[in-house]
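Trainee: Got a structure for you, written out below as structure tokens; questions coming shortly.
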């Protein structure tokens, strides 16, 4: 029973972790992309359609990454090249993504999807409990964990990551040092889009292998909150993503338990629990203003125009 | 490049006819300049004279519209700061190009070859900073460092690239006199090693003291080249300003009246990790007195102003008295109603809304304190446009504010003229208490002397004036009494005549009578 719950928690948490990791890199470069929800649903639609047409969920994954990445390029062009307002453009990206994905997936509504099969590690997966939970997962789960480690190394150990953080802290100073601000931000935005696309692919290939309009169901927004919650640190994104996934799954079980016991709890109240939990944790976290300020990219959301 | 081996007749860096246009405005106009190897060359000029634009072109941050840069006789194009560094040019910016959230070593690493490991950079930075007498901890976060320490990072960063020419943009504007002395020693050491220094400043005394040659800029043009040690400060100022600057006049101290501002036991915790907490501050200002508060930037001046003005009221009502009334918890409008006036530090976005007309800015500041004059219709608060326009006209005439049109946007005025208007806006009320933060920061010499005179005149007419400033010349010009703020603590006030520059410098470094003087006044 506990093992089964844990497996569903992993499945529910992985897309949150992925999308939040991508947004973390984008925001560390000083760009606020509120279009995560839109890029995620585009990834979900592209992944499902490609998997249906080719019969391969792996081509589906690739299509999801490309779909999210290319879609984010639109955001990059508008905010970095044309210097449009990042908040407004991000919101527009979400609205556009929700509509466009509905169009892409229209012919596929109701079709049974192809589920991405787990990759089973020999020996490791025989370890009781942990082996079964951790080493019989699909490719996307393994990628999400590798990304946490990789992004943490990239940001805090590599010189390119240092440049990225420098741009996020002060783009004017970074420019004065000769760092190419716009190019780095384009790459960071596209990485964020690709991660959101991969998160979307997980939804339509693993979580619920089918296409339903609006199937991202607000997860993009939760991912955005997670980045702040994690004070822009990859390991905290992982912890926050799983905490959030656990609260979400937990409330489902709580509903069943309550029903069996004959206690009437409005289901809306329980569905709201994860969001209430986010608010509470955000308040607790932002209480320590020093860590928040040291980690917050100071030029977040500010447009950059080189003065030449 | 064999020329560099010859005698020092070939300049290290030459500039011929260098011009930079922003639209039709020429920030730099056909500038000629020669920097010889191993000399400290001053670039003198007022704010807006084009000094910063010129050096940005030399460092590849801006591209010239016309003209030529020659490096050891050969024409070069400097397309980026990277190319400038490659040519052996290092730069220490006025507004530091540092990243607050990163460590010292990380900041330095950003401008070096990415193949060099962070550990090696830490070691080299530590040994280099020791060799040049600039103590620095490579692992510290920049956000936790003082302004003087931040400047050291920039200098060490420039030195690590072994440059032939180091450009310093207004380096002493953020230093105590003692820190400045230590910087000069470093510069002499660099000169002895055969490196050149381009030293940008508007401080005449220090240019006369340390520079071998000076080039003077005004309105984007070269107006003179000289040996500064052969000039007087007055003759240099004439080259810089183009006319004689009016001297500020002060009568012998009139008898002081009643206590107008009394602060006791004022402690305020820091609002943000980067702010300074105020520690047990006490001061008294009497009618007819100008109390000047000196200090290096970032030692609690802004926080003290916020507490005095009521922009952020304090917890303890009794900590601040204005005209005998406890006002610690009273907001800014309540304090204005008691006859106080306040001029905050930033002109744009704090003291004035750039996008609004002068008359609107007048009304915003005084809509509560001068309700009767500017508003009518009782609860409806209808604006009396005729009244605010005539008041705007009155202020502009009184302070000689030069503007285009009758009532232009605040943002269209030059810094000096807008500052004159903002100070005039408060003076127009004849405040019995006035608190001003950095009254002439970034203002041209003519406007600065006009503002200082106005502050002195206000005190003479029987008001109490508090001037918070980093400019020691200004402080000695206006002050009756001087106190020094350092790391959120305020020294006692000394009569201006009893203090020397050196004493103030020690107080600015946080050294009080009871303490011995350690080797580095500002190291933590």
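Trainee: Taking region B:138-153, which residues are touching a helix residue (DSSP H, G or I) at 6+ places or on another chain (Cβ under 6 Å) and either more than 19 Å from residue A:166 (Cβ to Cβ) or surrounded by fewer than 19 Cβ atoms within 10 Å (Cβ to Cβ) (or both)?
Mentor: Correct list: B:140, B:147, B:148.
Trainee: Does region A:38-61 contain at least one residue that is in a helix (DSSP H, G or I), touching a residue at least 40 places away in the same chain (Cβ under 8 Å) and out of contact with any helix residue (DSSP H, G or I) (no Cβ under 7 Å at 6 or more places or on another chain)? Quick ask: steps written out before the conclusion?
Mentor: Let us first name the residues in region A:38-61 that are in a helix (DSSP H, G or I), namely A:38-54, A:57-61.
Now restrict to residues that are touching a residue at least 40 places away in the same chain (Cβ under 8 Å): A:38-49, A:51-52, A:57-58, A:60-61.
With out of contact with any helix residue (DSSP H, G or I) (no Cβ under 7 Å at 6 or more places or on another chain) added as a condition, the list becomes A:58.
Yes: region A:38-61 contains one or more residues that are in a helix (DSSP H, G or I), touching a residue at least 40 places away in the same chain (Cβ under 8 Å) and out of contact with any helix residue (DSSP H, G or I) (no Cβ under 7 Å at 6 or more places or on another chain).
Trainee: Can you pull out the helices (runs of 4 or more DSSP H) entirely within region A:231-299 that have at least 3 residues that are more than 14 Å from every other protein chain (Cβ to nearest Cβ), modelled with pLDDT of 85 or more and out of contact with any helix residue (DSSP H, G or I) (no Cβ under 7 Å at 6 or more places or on another chain)?
Mentor: By residue number, A:234-261.
Trainee: For residue A:146, all conditions in the list (1) modelled with pLDDT under 95; (2) surrounded by fewer than 18 Cβ atoms within 10 Å (Cβ to Cβ) hold save one; what is the number of the exception?
Mentor: Failing condition for residue A:146: (1).
Trainee: Considering only region B:74-81, I want to know if a residue exists there that is touching a strand residue (DSSP E or B) at 6+ places or on another chain (Cβ under 9 Å), within 30 Å of residue B:443 (Cα to Cα) and either within 12 Å of another protein chain (Cβ to nearest Cβ) or surrounded by 18 or more Cβ atoms within 10 Å (Cβ to Cβ) (or both).
Mentor: The answer is yes, given that some residue of region B:74-81 is touching a strand residue (DSSP E or B) at 6+ places or on another chain (Cβ under 9 Å), within 30 Å of residue B:443 (Cα to Cα) and either within 12 Å of another protein chain (Cβ to nearest Cβ) or surrounded by 18 or more Cβ atoms within 10 Å (Cβ to Cβ) (or both).
Trainee: Looking at residue A:34, is it within 19 Å of residue A:101 (Cβ to Cβ), in contact (Cβ under 8 Å) with a residue 24 or more places away in the chain and surrounded by fewer than 24 Cβ atoms within 10 Å (Cβ to Cβ)?
Mentor: yes
Trainee: Has region A:245-261 got any residue that is under 18 Å from residue A:147 (Cβ atoms) and under 19 Å from the mean Cα position of the chain (by Cα)?
Mentor: Pass one, region A:245-261, residues under 18 Å from residue A:147 (Cβ atoms): A:245.
Next, only the ones that are under 19 Å from the mean Cα position of the chain (by Cα) stay: A:245.
Yes: region A:245-261 contains one or more residues that are under 18 Å from residue A:147 (Cβ atoms) and under 19 Å from the mean Cα position of the chain (by Cα).
Trainee: Still on this structure: Please enumerate the residues belonging to region B:37-57 that are modelled with pLDDT under 90 and away from chain A (no Cβ under 13 Å).
Mentor: The answer is B:44, B:45, B:46, B:47, B:48, B:49, B:50, B:51.
Trainee: Would you be able to tell me the number of residues in region B:307-330 that are over 28 Å from the mean Cα position of the chain (by Cα) and surrounded by fewer than 22 Cβ atoms within 10 Å (Cβ to Cβ)?
Mentor: Summing the residues that are over 28 Å from the mean Cα position of the chain (by Cα) and surrounded by fewer than 22 Cβ atoms within 10 Å (Cβ to Cβ) in region B:307-330 gives 12.
Trainee: Can you go through A:212, A:206 and tell me which one is part of a loop (DSSP other than H, G, I, E, B) and closer than 16 Å to residue A:50 by Cα?
Mentor: Only one candidate passes the filter, namely A:212.
Trainee: If a residue has to be within 19 Å of the chain's Cα centre (by Cα) and farther than 30 Å from residue A:291 by Cβ to count, how many in region B:156-183 make the cut? Walk me through how you get there before you give the answer.
Mentor: So the first thing to find is which residues in region B:156-183 are within 19 Å of the chain's Cα centre (by Cα), and the list is B:167-181, B:183.
With farther than 30 Å from residue A:291 by Cβ added as a condition, the list becomes B:167-173, B:175-181, B:183.
Matching residues across region B:156-183 total 15.
Trainee: Exactly one condition in (1) within 8 Å of another protein chain (Cβ to nearest Cβ); (2) more than 28 Å from residue B:14 (Cα to Cα) is false for residue B:103; which is it?
Mentor: Failing condition for residue B:103: (1).
Trainee: Just checking, does region A:78-88 include any residue being modelled with pLDDT of 95 or more, surrounded by 24 or more Cβ atoms within 10 Å (Cβ to Cβ) and over 14 Å from the mean Cα position of the chain (by Cα)?
Mentor: yes
Trainee: Got a sec? Which of B:256, B:236 is assigned to a loop (DSSP other than H, G, I, E, B), over 30 Å from residue B:100 (Cβ atoms) and at pLDDT below 90?
Mentor: B:256
Quick grid of which residues meet (1) within 14 Å of chain B (Cβ to nearest Cβ); (2) assigned to a helix (DSSP H, G or I); (3) crowded, with 17+ Cβ neighbours inside 10 Å; (4) modelled with pLDDT of 95 or more:
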position: A:91; (1), (2), (3), (4): no, yes, no, yes
position: A:141; (1), (2), (3), (4): no, yes, yes, yes
position: A:155; (1), (2), (3), (4): yes, yes, yes, yes
position: A:175; (1), (2), (3), (4): yes, yes, yes, no
position: A:179; (1), (2), (3), (4): yes, no, yes, no
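Trainee: Residue check, residue B:423 against (1) in the same structural domain as residue B:333 (by TED's automatic domain parsing); (2) touching a residue at least 60 places away in the same chain (Cβ under 8 Å), all met but one. Which one?
Mentor: All conditions pass for residue B:423, except number (1).
Trainee: If you take the residues of region B:58-73 that are surrounded by fewer than 21 Cβ atoms within 10 Å (Cβ to Cβ) and within 14 Å of another protein chain (Cβ to nearest Cβ), which of them is nearest to residue B:19 (Cα to Cα)?
Mentor: B:65
Trainee: Hey, can you tell me all the residues within region B:426-457 that are part of a helix (DSSP H, G or I) and either modelled with pLDDT of 90 or more or at positive phi (or both)? If you could, list the steps in order and put the result at the bottom.
Mentor: Within region B:426-457, the first condition is being part of a helix (DSSP H, G or I), and the residues that meet it are B:426-427, B:445-457.
Correct list: B:426, B:427, B:451, B:452, B:453, B:454, B:455, B:456, B:457.
Trainee: Considering only residues that are free of Cβ contacts under 8 Å to residues at least 24 places away in the same chain, surrounded by fewer than 22 Cβ atoms within 10 Å (Cβ to Cβ) and under 21 Å from residue A:168 (Cα atoms), which ones fall in region B:82-114?
Mentor: B:82, B:95, B:113, B:114
Trainee: Of the residues B:79, B:119, only one is assigned to a loop (DSSP other than H, G, I, E, B) and out of contact with any helix residue (DSSP H, G or I) (no Cβ under 7 Å at 6 or more places or on another chain); which?
Mentor: B:79 is the lone residue from the list that is assigned to a loop (DSSP other than H, G, I, E, B) and out of contact with any helix residue (DSSP H, G or I) (no Cβ under 7 Å at 6 or more places or on another chain).
Trainee: Do you know which residues across region A:93-122 are in a helix (DSSP H, G or I) and surrounded by 15 or more Cβ atoms within 10 Å (Cβ to Cβ)? Let's see the steps before the verdict.
Mentor: At the first step, the residues of region A:93-122 found to be in a helix (DSSP H, G or I) are A:93-108.
Once the filter is applied, which keeps residues that are in a helix (DSSP H, G or I) and surrounded by 15 or more Cβ atoms within 10 Å (Cβ to Cβ), region A:93-122 yields A:93, A:94, A:96, A:97, A:98, A:100, A:101, A:102, A:104, A:105, A:108.
Trainee: How many of the residues in region B:343-390 are within 20 Å of residue B:436 (Cβ to Cβ), part of a helix (DSSP H, G or I) and touching a residue at least 24 places away in the same chain (Cβ under 8 Å)?
Mentor: Of the residues in that region, 5 qualify.
Trainee: Taking residue B:90, is it outside any helix (DSSP H, G or I), touching a strand residue (DSSP E or B) at 6+ places or on another chain (Cβ under 7 Å), more than 8 Å from chain A (Cβ to nearest Cβ) and within 21 Å of residue B:170 (Cβ to Cβ)?
Mentor: Yes: the conditions hold for residue B:90.
The values are calculated or read from the model by the stated rules, or taken from the named source; none is laboratory data. The structure presented is a predicted model; accordingly, all values stated were derived computationally and were not measured. Methodologically, a virtual Cβ is constructed for each residue, glycine included, from the backbone with ideal geometry; neighbour enumeration extends over all protein chains shown.
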